[in-house]
1. Name the helices (runs of 4 or more DSSP H) wholly inside segment A:291-390 in which the number of residues that are closer than 28 Å to residue A:273 by Cα is 2 or more.
2. Looking at B:677, B:660, which is the one that is in contact with a Lys or Arg (Cβ under 9 Å, 6 or more places away or on another chain), over 23 Å from residue B:526 (Cα atoms) and in a helix (DSSP H, G or I)?
3. Can you pull out every residue in segment A:339-356 that is crowded, with 18+ Cβ neighbours inside 10 Å and in contact (Cβ under 8 Å) with a residue 24 or more places away in the chain?
4. Inside segment A:191-214, can you point out the residues that are assigned to a loop (DSSP other than H, G, I, E, B) and free of Cβ contacts under 8 Å to residues at least 60 places away in the same chain?
5. What number of residues in segment B:349-384 are surrounded by 16 or more Cβ atoms within 10 Å (Cβ to Cβ) and of a type in the set (S, T, N, Q)?
6. Would it be correct to say that residue A:198 is more than 12 Å from chain B (Cβ to nearest Cβ), within 18 Å of residue A:156 (Cα to Cα), under 21 Å from the mean Cα position of the chain (by Cα) and among the aliphatic types (A, V, I, L, M)?
7. For residue B:658, state whether it is more than 14 Å from chain A (Cβ to nearest Cβ) and touching a Gly at 6+ places or on another chain (Cβ under 8 Å).
8. Going by the structure shown, is residue B:564 under 34 Å from the mean Cα position of the chain (by Cα), within 14 Å of chain A (Cβ to nearest Cβ) and assigned to a helix (DSSP H, G or I)?
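The values are calculated or read from the model by the stated rules, or taken from the named source; none is laboratory data. Owing to the predicted nature of the structure, the values given are computational and were not obtained by experimental measurement. Cβ atoms come from the backbone with ideal geometry, glycine included; neighbour counts cover every protein chain shown.
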Amino acid sequence: MDEEPERAKRWEGEFERTWELLVEDESGSLKPSVEDILFKAKRKRVIESQGQIRLGMMRHMYIVLDASRTMEDQDLKPNRLTSTLKLLEFFVEEYFDQNPISQLGIIATKNKRAEKLTDLAGNPKKHIEALKRAVDTTCSGEPSLYNSLSLAMQNLKHMPGHTSREVLVIFSSLTTCDPANIYDLIKTLKSTKIRVSIIGLSAEVRVCTVLARETGGTYHVILDESHFKELLMYHVKPPPASSSSECSLIRMGFPQHTLVSISDQDSKPSFSMAHLDSTVGPGLTLGGYYCPQCKAKYSELPVECKVCGLTLVSAPHLARSFHHLFPLDAFKEIPLEEHQGERFCEGCQGDLKEQNVYICPSCESVFCMECDLFIHDTLHCCPSCVHSQP
Amino acid sequence: MSVYPKQYAGVNIVEEQRAKWEKKRIRTAKELIETERRYFEQLELVSVNAAKALTVSRRFLGNLEHGEFGLGFENLSSHLHFYKIYADNMENAFKVLQGHGVLEMPSGTGKTISLLSLIVAYQKAYPLDVTKLIYCSRTVPEIEKVVEELKKLMEFYEKMTGEKQNFLALALSSRKNLCVHPEVSSLRFGKDVDGKCHSMTASYIRSRKQQNPGVQLCRFYEEFEALGRQVPLTAGIFNLDDLKAFGRQKGWCPYFLARYSILHANIVIYSYHYLLDPKIADLVSKELAKKIKETDAAKLREEYSQLVQGLKEANVARETDVYLSNPVLPDEILQEAVPGSIRTAEHFVGFLKRLLEYLKSRLRIQHVVQESPPQFLKDIYEKVCIDRKPLRFCSERLRSLLRTLEIADIADFSAVTLISNFATLVSTYSKGFTIIIEPFEDKTPTIANPVLHFSCMDSSIAIKPVFERFQSVVITSGTLSPLDIYPKILDFHPVTMASFTMTLARTCLCPLIVGRGNDQVAISSKFETREDIAVIRNYGNLLSEMSAIVPDGIVAFFTSYQYMENIVASWYEQGILENIQRNKLIFIETQDAAETSMALEKYQEACENGRGAILLSVARGKVSEGIDFVHHFGRAVIMFGVPYVYTQSRILKARLEYLRDQFQIRENDFLTFDAMRHAAQCVGRVIRGKTDYGLMIFADKRYSRSDKRGKLPRWIQEHISDGSLNLTIDETVQLSKHFLREMAQPFRKEDQLGLSLLTLEQLQSEEMLKKITQIAHQV
């Protein structure tokens, strides 16, 4: 009798006021307001990027996923859990794309317990698999912030000082069931320099506010699914490296991928060291990356060598992380009417039609909004600046 | 032979004894005169010091018209950014300086600071016009808050002018809060502390010390007597702790130091009980030794303070120091001589006994009696031949008797004091009071528990002396609506009455009126539907749904303890309570103060550490009146039903009748006024400032009606749109979810600029001034 029958039909769902988002303009048309909403959403992320701040390159992050009863709420479609997992998959991909030499782990919490879904690792595939598997989990009980944070802390506190230690909590519930005083834990987190950021799915909870404020993280509450995605993407970008974090030289290995054809007589299939401790995954392979120090074989990069502890990366990985050290300045936004000069975009060579144009502060080239977004999100350098420099 | 000397000796002894008595009498008489003289001296001092009446100069008003604020404002605004409301308030407060005023403002918008800074600025600009400000608040924490604000203001002055301000402000409280004596301060009850203190500092005890060195005295008081009076308290702002620390450091008694220092302080902050009732300290106990409960002076003020609870009174410019004088008793009583019939002690004791017997006989009845004071006096005269005049002096006579007998611990005599006070009051006032004798309580009609109520129908009697003594009285509160009823009840003519709304950069309050359950059954706490199972279930559903979506703390108010008990019991049976407890912990306010404060503490802890909690409490209870639920301690408040008073109460009936006859206020109007004010009071607990936000859920169909809605304060009313009337639970949940998410978005100071915060330039612009005058809602 306790269990409510599952609400399967749309009309049995909750009452919504979708029309309130839309506002008519003077002529009674809805289009401008819709466009305005879209435009604002696009712009927002760029504006938020700060100027020249050194960002951390190597990150260690645990994602704490709330899998409590409240995740079955249907205010995100089809329900909070499915929607969150889908977005997280996207996040994981994006995360490794932007931070190739970083690592990630996932913790789920429900029934007052916390369990690890995946260990800290630099391989997106494993995480995504785990996330896909998690769709079928039943959500029950209450989450425990304390347990999940202390689990994350146990793993993170041994990480070297030059890397960032982060926890990202996706918190759907409004309550947490803790075995001890969480404020003591917050102090410990602070002293071990673990940064806890929280994305709330329902409303602002006091303890989360304190947690984020004390540990230097951020705390946001989602408005809807697109806002949720935006907030998640906000965490793709590394946090500013704190001045107190250690600077150290790290040894890195750049193994070459050696291809061995089957026809070659000397070739012997061998195990990849990365799969030593996992039962699943490919077995014997022929070629791979060989650690320059100990010659252990790995099938994927980046990875930390299991034998000698050397960080193995490829040059493009490093290069992709490099831009975090020198972020591109935000472009100046001016209305089209005020802009004098050429009426086409420097990037795509198309006509400038939108209400605003964007000007690079250093080379004064003009871009349209699409190009502006592309430059800041993907290229990370102004094409005409690069062009003008010899 | 041997008989004679003995007899002779016996005569001797008697004569010796007589001589002793005579000496003693002379000594006490001297003492009486001495204390009296000192009292008058003090009174004189006060009036000399403070009786500079305030007249708002034309010049000053001229300045105002030109948009130039007084000295101090400019300094303030260049730095702080004005609140818009703050600016409104200032302007109105200026007007108020010419007379009395009533201002309604939502809490946390700078009521205190704007009044303080206005008056301080005025004091600085025209030091001869306004000499003293008395700021009255209700509770000790509130007093502390005011001092805190004042400190900030002074710091700011110092920063801007770069010099030390010669300004003395202090908080005054009872002995219990100020005592530093190691033994006395450890006592738990205010009454005990007062008694103990009295037994160590009274003048006759101190003089006894000279003969008998074994008498224990308070060394702090002695030290203060010896040194403290010569050196006035240095300029500065003193809260209770500062006073204590200062007292400890110097070895002076902080209580007497504070009492002495109010003579030359610029600002005095204390509880309004002092202002309204100087006898409150004596009259702590309402229990009589003979199980006769009487409600008199203390209760009367209590009634009054219930009426104006939440009010803070700031009083500008005074003629005499009320603390030292007695506002209730007319001067002629104090000046007239005690009538002969009770002049000697034996006669007086006999008189008291007779009075007591009479009261006892009156209490031995089977039916309810209601009569006016003249009727009562007539009856008492016929039955036991007690005249009106000696009755009037009863209280004074008893006091002098106790003094003469050198009784140190007055606390033991509280019962007799109560009776004598009753006698004095009943014979002094013929209008505005009623005596009601109830042989049993309404709930238990079989158990005889006679109670004599002496209740004040007219709150203006209590406040009248205050209005008379002070040049300007400003009453401000978050919940005063509807404004026009107050001047009527309190019988005064305000120059300004204004209700301000909050100018908000974001709508941080969300009043919702829930009228129906999901099954479309109307929900209401109306008497007819109160026991309806569907209504109770819907109330339960509402709470359980809200508990799932509101973070941290929820406060729920019921209309009475009894109703709450019934509802909670049936929720338990229906399993709703279990559902709620899955989301949040539940705490319940009870009539026991200790238990409630415990529950409150645990409630706050649960809110703090993320578990979330619900506090079930009662409108008009302790929680609804004095405790703020800032930020996460109250994200939502649910008002189950309309909190009408218990209309069957005889006191209330008598009062309603009186109001109708005297002030032409209809019963229904008053009841609705009272109920809505309490509802507003309850829901107002959650919004304590602009950065705060909270849901206000009125769960009763009747709130949708415009006659009820219209009586809510304007700052709540203006956020009630047609879309938030008569909602179902589902709709409420949906709206709340949306609201909470919106409110959780980051909120920065820059967002408020220009809207609810003004820079100096914006403030001084003509346009803004015009806007401001429009905003203030003049009644």
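1. Counting at least 2 such residues, we get A:315-322.
2. None of the other options fit; the residue is B:660.
3. Hits for segment A:339-356 are A:345, A:346, A:347.
4. The answer is A:192, A:193, A:203, A:204, A:205.
5. Qualifying residue count, segment B:349-384: 2.
6. It is false that residue A:198 is more than 12 Å from chain B (Cβ to nearest Cβ), within 18 Å of residue A:156 (Cα to Cα), under 21 Å from the mean Cα position of the chain (by Cα) and among the aliphatic types (A, V, I, L, M).
7. yes
8. No: the conditions fail for residue B:564.
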